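The values are calculated or read from the model by the stated rules, or taken from the named source; none is laboratory data. What you see is a predicted model; the values in this text were computed from it and never measured. Note that each Cβ is placed from the backbone with ideal geometry, even for glycine, and that neighbours are counted across all protein chains shown. Surface accessibility is based on the protein's heavy atoms, side chains included, excluding ligands, DNA and RNA. Shrake-Rupley method; radii C 1.70, N 1.55, O 1.52, S 1.80 Å.
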Amino acid sequence: RVRKISKNPNSGRNYYLVDANFLANRFIAPAIAPDSNSRTRIEKCNEWWDEIEAQLKQNKARVYIPDICIAETFQVLAKKYYKEKWFKNPVDLNNARERLGKFITIPAKTLKATKRIIKVHDISTTRDLIISVDRFYELFLKKNKKVSLPNLIIVATAKYLIDFFDVPKDRLHIVTLDVDLWGGSKDIQELPNAYNPTQKDDGRD
């Protein structure tokens, strides 16, 4: 399948469904990473985020995040402080948390506006998503791919957005750093394209 995302969709917008690690890397400075591979990984994620946020400002994009992935993102940031020691001081962790919170929170003024523009939308884990998890687990298992529960929620959410909200499949883009989710989704035709910013063959037009 062609793996390109148009920067300027002719009509409508791009819809991005993101995982926790990709989201967390937006709030981690590359300089604090302990090795060059980790720094490069964060830098590549930030290149993608720069483009996504540019599209958000032009109302050409929307970001969807399953609520379980939001919780996992806070966990990823905490792990960088308590276990991996990337953040040297509590204030550094708190700053990253606050930036994340600001990104995912919609001000009341925006919500009350007549012509409101929602850039980021969280998706609750509903019965419809939970039911789909078992089926997608089986599909990925048949491809010899081990996908975590949060990432199974992501693909279930993708299917949910297509079926219940009429989000065009060709405009919905899963962005993940999980290699098994990225690779396995290529062979599941009902799913939209999944992109991994660290892979050379993934990109935007």
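Looking only at segment 5-18, which residues are open to solvent by 70 Å² or more (accessible area, probe 1.4 Å) and either among the acidic types (D, E) or in contact with a strand residue (DSSP E or B) (Cβ under 7 Å, 6 or more places away or on another chain) (or both)? Show your work before the answer.
Keep residues of segment 5-18 that are open to solvent by 70 Å² or more (accessible area, probe 1.4 Å), which gives 7-8, 10-11.
Across segment 5-18, the qualifying residue is only K7.
From the list P66, P30, pick out the single residue that is free of Cβ contacts under 8 Å to residues at least 60 places away in the same chain and either over 21 Å from L191 (Cα atoms) or touching a strand residue (DSSP E or B) at 6+ places or on another chain (Cβ under 6 Å) (or both).
Values: P66 fails: free of Cβ contacts under 8 Å to residues at least 60 places away in the same chain.
So the residue among P66, P30 that is free of Cβ contacts under 8 Å to residues at least 60 places away in the same chain and either over 21 Å from L191 (Cα atoms) or touching a strand residue (DSSP E or B) at 6+ places or on another chain (Cβ under 6 Å) (or both) is P30.
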_Please determine whether any residue of segment 86-102 is touching a residue at least 60 places away in the same chain (Cβ under 8 Å), within 21 Å of I123 (Cα to Cα) and in contact with a Lys or Arg (Cβ under 9 Å, 6 or more places away or on another chain)._
yes
*asked:* Could you tell me how many of the residues in segment 19-31 are aliphatic (A, V, I, L, M) and either surrounded by 16 or more Cβ atoms within 10 Å (Cβ to Cβ) or within 16 Å of I52 (Cβ to Cβ) (or both)?
replied: 4
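Does K169 satisfy being touching a Pro at 6+ places or on another chain (Cβ under 8 Å) and not aliphatic (A, V, I, L, M)?
Numbers: touching a Pro at 6+ places or on another chain (Cβ under 8 Å): yes; not aliphatic (A, V, I, L, M): yes.
When the stated conditions are applied, K169 passes them.
I need a count of the residues in segment 175-188 that are of a type outside the set (D, E), in contact with a helix residue (DSSP H, G or I) (Cβ under 6 Å, 6 or more places away or on another chain) and in contact (Cβ under 8 Å) with a residue 60 or more places away in the chain. Lay out the reasoning, then the answer.
Step one: list which residues in segment 175-188 are of a type outside the set (D, E), which gives 175-177, 179, 181-186, 188.
So of that shortlist, the ones also in contact with a helix residue (DSSP H, G or I) (Cβ under 6 Å, 6 or more places away or on another chain) come out as 175-177, 181, 184, 188.
Cutting the leftovers down to in contact (Cβ under 8 Å) with a residue 60 or more places away in the chain gives us 175-177, 181.
Here the count works out to 4.
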*Looking at S38, S11, which one is in a loop (DSSP other than H, G, I, E, B) and among the polar types (S, T, N, Q)?*
S11
*Positions within segment 162-195 being open to solvent by less than 30 Å² (accessible area, probe 1.4 Å) and either within 13 Å of I5 (Cβ to Cβ) or β-branched (V, I, T) (or both), in sequence order*: V167, L172, H173, I174, V175, T176, I188, P192, N193, A194, Y195
*Do we have P107 as on the phi < 0 side of the Ramachandran plot and out of contact with any helix residue (DSSP H, G or I) (no Cβ under 9 Å at 6 or more places or on another chain) here?*
yes
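What about E51, is it touching a residue at least 24 places away in the same chain (Cβ under 8 Å) and among the acidic types (D, E)? Can you show your working first?
Working: touching a residue at least 24 places away in the same chain (Cβ under 8 Å): yes; among the acidic types (D, E): yes.
So E51 passes the test.
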